[in-house]
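Chemist: Could you have a look at this structure, given as structure tokens, before my questions?
Only the coordinates and a few stated rules stand behind these numbers; no lab work does. All values derive from a computational prediction rather than experimental measurement. Note: ideal-geometry Cβ built from the backbone for every residue, glycine included; neighbour counts use all protein chains shown.
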Amino acid sequence: MIIVSGHLSMDAAARPAYLSGCVAVVDAARRAPGCLDFAVCADPLDSGRVVVVERWESAAAVEAFRGSGPRDDQQAVITGAEVAEYEVASWRSLTG
């Protein structure tokens with residue numbers, strides 16, 4: 001399993017439009033082969049922060065979906081990013 005997790009920074013005024021622009025991407029990701037979960041969400045405490053969390057069956061599934069990354073207009077509002085990809089060797093459910 002691959003987990004992609006982190007956050008993006010942007011001006012607080014740009015965040016609503018950025019998140020609206022992500023709806024189609026989130027929908028496409030969740031329908032993509034190998035996607036287990038995909039979310040791009042507003043941080044409830046920091047109005048200039050967007051949280052990214054993805055779970056994929058494999059690195060190949062991530063790469064097949066990812067393509068060229070964010071659109072140019074989305075990339076233009078990102079002032080910082082701290083996102084990493086993790087390869088998970090084992091896991092256990094906390095929900096049963």
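Chemist: Output the residues belonging to segment 12-41 that are touching a helix residue (DSSP H, G or I) at 6+ places or on another chain (Cβ under 6 Å), small (Gly, Ala, Ser) and more than 20 Å from residue 86 (Cβ to Cβ).
Modeler: Answer for segment 12-41, where residues must be touching a helix residue (DSSP H, G or I) at 6+ places or on another chain (Cβ under 6 Å), small (Gly, Ala, Ser) and more than 20 Å from residue 86 (Cβ to Cβ): 14, 21.
Chemist: Here's another thing I want to ask about it. Can you find a residue that is more than 22 Å from residue 89 (Cα to Cα) and not acidic (Asp, Glu) anywhere in segment 51-61? Let's see the steps before the verdict.
Modeler: First, pick out the residues of segment 51-61 that are more than 22 Å from residue 89 (Cα to Cα): 51.
From what is left, the residues that are not acidic (Asp, Glu) are 51.
Yes, some residue in segment 51-61 is more than 22 Å from residue 89 (Cα to Cα) and not acidic (Asp, Glu).
Residues checked against (1) of a type in the set (Gly, Ala, Ser); (2) surrounded by fewer than 16 Cβ atoms within 10 Å (Cβ to Cβ); (3) touching a Gly at 6+ places or on another chain (Cβ under 8 Å):
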position: 5; (1), (2), (3): yes, yes, no
position: 12; (1), (2), (3): yes, yes, yes
position: 15; (1), (2), (3): no, no, yes
position: 31; (1), (2), (3): no, yes, no
position: 35; (1), (2), (3): no, no, no
position: 93; (1), (2), (3): yes, yes, no
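Chemist: Across segment 50-88, what is the number of residues that are in contact with a Ser or Thr (Cβ under 6 Å, 6 or more places away or on another chain) and within 14 Å of residue 22 (Cα to Cα)?
Modeler: Taking segment 50-88 first, the residues in contact with a Ser or Thr (Cβ under 6 Å, 6 or more places away or on another chain) are 53, 79-80.
Adding the requirement that they be within 14 Å of residue 22 (Cα to Cα) leaves 53.
Number satisfying all stated conditions: 1.
Chemist: Also: Can you spot a residue in segment 69-79 that is among the small types (Gly, Ala, Ser), surrounded by 12 or more Cβ atoms within 10 Å (Cβ to Cβ) and either within 15 Å of residue 4 (Cα to Cα) or touching an Asp or Glu at 6+ places or on another chain (Cβ under 7 Å) (or both)?
Modeler: Scanning segment 69-79 turns up no residue that is among the small types (Gly, Ala, Ser), surrounded by 12 or more Cβ atoms within 10 Å (Cβ to Cβ) and either within 15 Å of residue 4 (Cα to Cα) or touching an Asp or Glu at 6+ places or on another chain (Cβ under 7 Å) (or both).
Chemist: Out of all the residues in segment 21-79, which are touching a residue at least 40 places away in the same chain (Cβ under 8 Å), out of contact with any His (no Cβ under 9 Å at 6 or more places or on another chain) and in a strand (DSSP E or B)?
Modeler: Of everything in segment 21-79, those that are touching a residue at least 40 places away in the same chain (Cβ under 8 Å), out of contact with any His (no Cβ under 9 Å at 6 or more places or on another chain) and in a strand (DSSP E or B) turn out to be 53, 54, 55, 56, 78, 79.
Chemist: Follow-up. Name the residues in segment 22-46 that are over 17 Å from residue 62 (Cα atoms) and among the charged types (D, E, K, R), would you?
Modeler: 43, 46, listed by residue number.
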